[in-house]
Amino acid sequence: MPSEQELQIQISPIVQESLVHNSRTLYNLQSITASLFGVSAGILGLESYAGFVFYVALSLLTSVLFYVLRVAPTSLASGKSPLDTSRYFRGAYDFWAGGLMNGFAGFVLTWTLFYGLVTA
Amino acid sequence: MAQVPVQTIHRDPQLFYWILFPITIVMILTGVLRHYATVLMASAPKKQDQKTTREQRSLLHGINVRGNYHVLSKPSLTTRRDALITAYESGAYLKNPDGRGQPPPNPMSDPSAMEGMMGMMKNQMAMIIPNTLIMSWINAFFSGYVIMKLPFPLTIKFKSMLQAGVATRDMDPRWMSSISWYFLCIFGLQSVFNFLLGSENAASQMAQQMNQMGPQGAGQMFGPGVDPNKQFLAEAENLAVIEHHSVLDGVEQRLLAGIKV
C-alpha cells in the first residue's frame with residue numbers, strides 16, 4: 001500500500017501546469033522588483049552593507065506583500081494556517097527566500113549602473 | 001589604524017555616453033536578436049513514420065497506466081496489464097520485430113540522430129558567436145578605461161578580473177573597467193529580458209546553460225542508441241509488480257468524515 005502522503009496526492013491531485021504558472025509569475029515579480037530595488041539603491045547612493053541590507057529587507061517585504069495581497073485571502077479561507085503557502089506553491093523556502101537568489105544579479109547590475117550614473 | 005583615504009578619480013562624463021551606454025545597448029539588443037534567431041531557427045519536429053510513433057506511444061501508454069493505475073478498477077487494470085505485458089514481451093509494438101536482441105545501430109549512422117545534434121550545434125553557435133564578437137569588440141575599442149566604481153568593496157583578488165587592461169597597481173579594486181561591465185551585463189540582464197520578451201525567452205545564455213544541465217529525460221527516452229526492446233521488457237516488469245489499490249477504497253468513510261452536522 002502507498003504511504004499516507006502518496007494517497008493524499010492521489011486523492012486530490014495537483015495540476016503541474018498551474019504550479020509551474022504560479023512559480024513563473026512569482027519569478028517574474030521577483031526579478032523585476034529586484035531590478036527596481038537596484039535602481040532605488042543606486043539613486044539613494046547606498047554603499048556596501050547598506051545596499052545589501054536594503055535589498056534583503058525589500059525583497060522580504062515583497063514576499064510578505066505578495067502573501068498578504070494575493071495568497072492569504074483564499075488560502076486562509078480554505079483553512080490553511082497563516083503564512084502557509086502550500087495552496088499555491090510547493091516549498092515554503094522558494095516562496096519566502098527564492099527572490100533573494102533570483103533577483104540578485106539584476107539587483108547588482110542596476111545598483112552599479114545607477115550608483116555610477118548618480119555619483120559620477 | 002589610520003583610515004585609508006577614499007580614492008577619487010576624475011573621469012570625463014563623456015565616458016558614460018561613449019562606453020557605458022553603447023555596451024549596455026548592444027548587450028540588450030544582442031539578447032533580443034538571439035531570442036528571435038532561436039525562434040526562427042527552431043526546426044519543426046520531424047514527421048515520424050507510423051511504426052516509430054506506435055513504438056513510442058505504446059511505451060508511453062504503459063508508463064501512463066503505471067502512473068495512474070489508482071483511478072482504474074481492479075479488473076480494468078488487470079486487463080490492461082495483461083494485454084500490455086503480452087504485447088511487450090512478444091515485441092508486437094517494435095518498429096522492426098526481426099531486430100530483437102541485436103545490438104542497436106551506431107547512433108552516428110542514423111540520420112535522425114544527426115538532426116538532433118545539428119539542432120544542438122545551432123544553439124551552441126548562437127551563443128558562442130555573439131559572445132566572441134562582443135568580447136573582441138570591447139577589447140578592441142574600450143580596453144584600458146576605468147568607467148565606474150562598484151558600490152561595494154571587494155578584496156584584492158578581484159583586481160585582475162575587474163581591471164583587466166588597466167595596469168595601475170595601487171588602484172582600489174572597486175574601480176571597474178569596461179570588460180567587467182560586460183560581465184555584469186551577462187549575469188544581470190536576465191531580468192531585463194524577462195521584462196522585454198516574456199519569461200520563456202531564449203535571450204540569456206546563462207539560462208540556456210542551466211537548461212542544458214537540467215533534466216534530459218524526455219529527450220533521451222527515445223534517443224538514438226537506446227534499445228526499444230529492452231525498454232519494453234523493463235516496462236513489462238514494472239507493470240507486473242503493481243499492487244493494485246484504488247482511490248475509491250474507503251471513500252464512504254472519507255465522505256462521512258467530511259460531512260459536518
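Every read-out reported here was derived from the displayed coordinates using simple, explicitly stated rules and does not represent laboratory data. Just so we're clear, the structure is a prediction, and the values are computed from it rather than from any experiment. Neighbour counts run over all protein chains shown; Cβ positions are idealised from the backbone, glycine included.
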- Note on the structure: For peptide B:146-159, the mean count of other chain Cβ atoms within 10 Å per residue Cβ is 4
- Message: With 18 Å as the cut-off, how large is the P(r) tail for the range A:18-75, expressed as percent of Cα-Cα pairs?
- Response: 42 percent
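Mind sorting B:LYS51, A:LYS80, B:LYS157 by how few other Cβ atoms lie within 10 Å of their own Cβ, fewest first?
Details: B:LYS51 13, A:LYS80 16, B:LYS157 8.
So the residues, fewest neighbours to most, are B:LYS157, B:LYS51, A:LYS80.
Hey, fewest Cβ within 10 Å first, where do B:LYS230, B:LYS46 land in order? Write down the numbers at each step before the final one.
Details: B:LYS230 12, B:LYS46 9.
Lowest to highest Cβ neighbour count: B:LYS46, B:LYS230.
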- Query: If each of A:THR74 and B:ALA234 carries a label point 7 Å out from its Cα toward its Cβ, how far apart are those two points in nm?
  - Reply: 3.9 nm
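To the nearest 0.05, how large is the calculated FRET efficiency for A:GLN8 and A:TYR49 if R₀ is 35 Å and r is the Cβ-Cβ distance? Walk me through the numbers before you get to the answer.
Working: r = 45 Å, r/R0 = 1.28.
Calculated value: 0.20.
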- Proxy reagent accessibility, fewest Cβ within 10 Å first, across A:GLU47, B:GLU235: A:GLU47, B:GLU235
- Efficiency of FRET from Cβ geometry, A:SER86 and B:LYS260, R₀ 25 Å, rounded to 0.05: 0.65
- Item | All Cα pairs of the range A:15-119, percent lying beyond 23 Å | 33 percent
- Query: Are there any helices in chain A, counted as whole DSSP H runs, that stretch 24 Å or more along their axis by Cα and score at least -1.0 on average by Kyte-Doolittle, and if so which?
  - Reply: A:16-44, A:48-66
- Query: Which residue fluctuates the most in chain A, going by a Gaussian network model with Cα springs under 10 Å, if the choices are A:SER18, A:SER31, A:SER63?
  - Reply: A:SER18
- Message: Students often forget the sequence filter, so: which lysines lie under 30 Å Cα-Cα from B:LYS260 once same-chain residues fewer than 8 apart are removed?
- Response: A:LYS80
